[in-house]
Amino acid sequence: MKKKLLALSLVLSFAGYAQAPINNFFSIPMSSYAIVESTPAIDQSATGANLVWNFTNLTSVGTNTDTYAAPNAGQLTTYPGTTEVLSITTAGSMDVNNILAKEEMSGAFSFTGVSAAGFELNYDSDNALLGTFPLSYNNSITDAVAGSFISDAASGDFTGSITTTVDAHGTLNMNDVGEGAYSGLVTRLKVVQDLTLTVFIFNGTVTQTSYYYYDNSNGNLVFRSNTAVIVFDFAGINETVTLMESFLSNPLSTPNNELVTNEFQVVPNPVDDVLNIQYQVPKAIKSIRILDINGRIILNSNGFDKYLDVSGLQSGLYLLTVQTDYGLLTKKFLKK
């Protein structure tokens, strides 16, 4: 049971420095992350504006890759309301961990479940609402959660809460773990889950604290960490598990955030029929693509078109990629 409970760590799993809103919770599809360790341990306790984080003693111990897909029929039955499934695959492993979520037209984003080998956590009684994106500095929301869990060792129910806060912004510095060092302005999202798990007459607790750092210039999720404290006295379990990941690369965006030197927006978002691309240097745009969440190219346009007709797209989440003289820029948008 202890081994399966560790899968919970995958759930959750700017003034002087300008801060930027966090437009989307998830990473860009096909993002690769180095699984990292740090000696000494990194300190993420400080909150507030204009902070400096120096994560410069990171060592890579593996690689994870994020892919996205629409839920299949079985997932829709087990996790009602799910609109998107994040699959995290570790290089050299056959196991795939899934985070299932619901994203509404309003921008409201909730977890509906998590599944791993031999373990499922289902927010079927009360989904875990993180908030309505975009989220800005000092935004905070607390939501009740409830549901059931199934594992190879035991099954039961859970209740608790999830608190999401945009609690800090500043400069993040990271050493090279495979694709070059990183230094950039970021905004941080903190997510805390406090869960009570019940197995027959026995209770256990899981407290998970997660931090997500988003690059201000392009929205990339460049660092994420999850620490879960798992206590089941009746089973002799008292464990603290930490997973940290540092962004490596993405085929849909540039890892060099210094290339993104101009403001880039797509409006309105969500969109009905016509998408407006706002970019300060339009002549620098070479080509535009729209991709679905599986990475398939839906539209390909050479040159700069300020307005794109998307009326023919089905409702859902898409990626807009713009190739410029400064690199490849990526934005997510929602088609109503």
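From the list Gly48, Gly74, the lone residue that is out of contact with any Ser or Thr (no Cβ under 9 Å at 6 or more places or on another chain), at positive phi and at pLDDT 85 or above is Gly48. Restricting attention to the stretch 89-119, report how many residues are crowded, with 21+ Cβ neighbours inside 10 Å and among the β-branched types (Val, Ile, Thr). Qualifying residue count, the stretch 89-119: 3.
Out of Ser151, Ser140, which single residue is more than 23 Å from Ser246 (Cα to Cα) and touching a Lys or Arg at 6+ places or on another chain (Cβ under 7 Å)? Before you say what the answer is, go through the steps one by one.
Working: Ser140 fails: touching a Lys or Arg at 6+ places or on another chain (Cβ under 7 Å).
It is Ser151.
Among Ala116, Ala101, which is the only one that is out of contact with any Gly (no Cβ under 9 Å at 6 or more places or on another chain) and closer than 22 Å to Glu245 by Cα? Break it down stepwise before answering.
Values: Ala101 fails: out of contact with any Gly (no Cβ under 9 Å at 6 or more places or on another chain).
None of the others qualify; the one that does is Ala116.
Annotation: Val177 fulfils all but one of (1) in contact with a Lys or Arg (Cβ under 7 Å, 6 or more places away or on another chain); (2) not in a strand (DSSP E or B); the unmet one is (1). Only one entry of Tyr307, Tyr326 meets the criterion of being over 18 Å from Gly107 (Cα atoms) and at pLDDT below 65, and that entry is Tyr326. Selection of first residues in the stretch 28-48 that are of a type in the set (A, V, I, L, M) and of second residues that are in a loop (DSSP other than H, G, I, E, B), restricted to Cβ pairs under 7 Å at least 6 apart or on distinct chains, gives the following pairs, ordered by first then second residue: Ile28/Asn220; Ile28/Leu252; Met30/Pro251; Met30/Leu252; Met30/Gly295; Ala34/Val177; Ala34/Gly178; Val36/Val177. Listed by first and then second residue, the pairs linking a residue in the stretch 186-207 that is assigned by TED's automatic domain parsing to the domain that holds Ile162 and among the aromatic types (Phe, Trp, Tyr) to a residue that is surrounded by fewer than 18 Cβ atoms within 10 Å (Cβ to Cβ) and not in a strand (DSSP E or B), with Cβ atoms under 6 Å apart and 6 or more places separating them unless they lie on different chains, are Phe202/Phe234.
Sort out which residues of the stretch 25-45 are in a strand (DSSP E or B), farther than 15 Å from Asn173 by Cβ and at pLDDT 95 or above, and write them in order of number. Answer for the stretch 25-45, where residues must be in a strand (DSSP E or B), farther than 15 Å from Asn173 by Cβ and at pLDDT 95 or above: Tyr33, Ala34, Ile35, Glu37. Being modelled with pLDDT of 65 or more, surrounded by fewer than 18 Cβ atoms within 10 Å (Cβ to Cβ) and of a type outside the set (S, T, N, Q) holds for only one residue in Val229, Val281, Val222, Val271, and it is Val229. Screening the candidates Ser249, Ser217 for the property of being in a loop (DSSP other than H, G, I, E, B) and closer than 22 Å to Leu319 by Cα yields one hit, Ser217.
The values are calculated or read from the model by the stated rules, or taken from the named source; none is laboratory data. These numbers come from a predicted model, not from an experiment. Because the Cβ atoms are built from the backbone with ideal geometry, glycine has one as well, and the counts that use them run over all protein chains shown.
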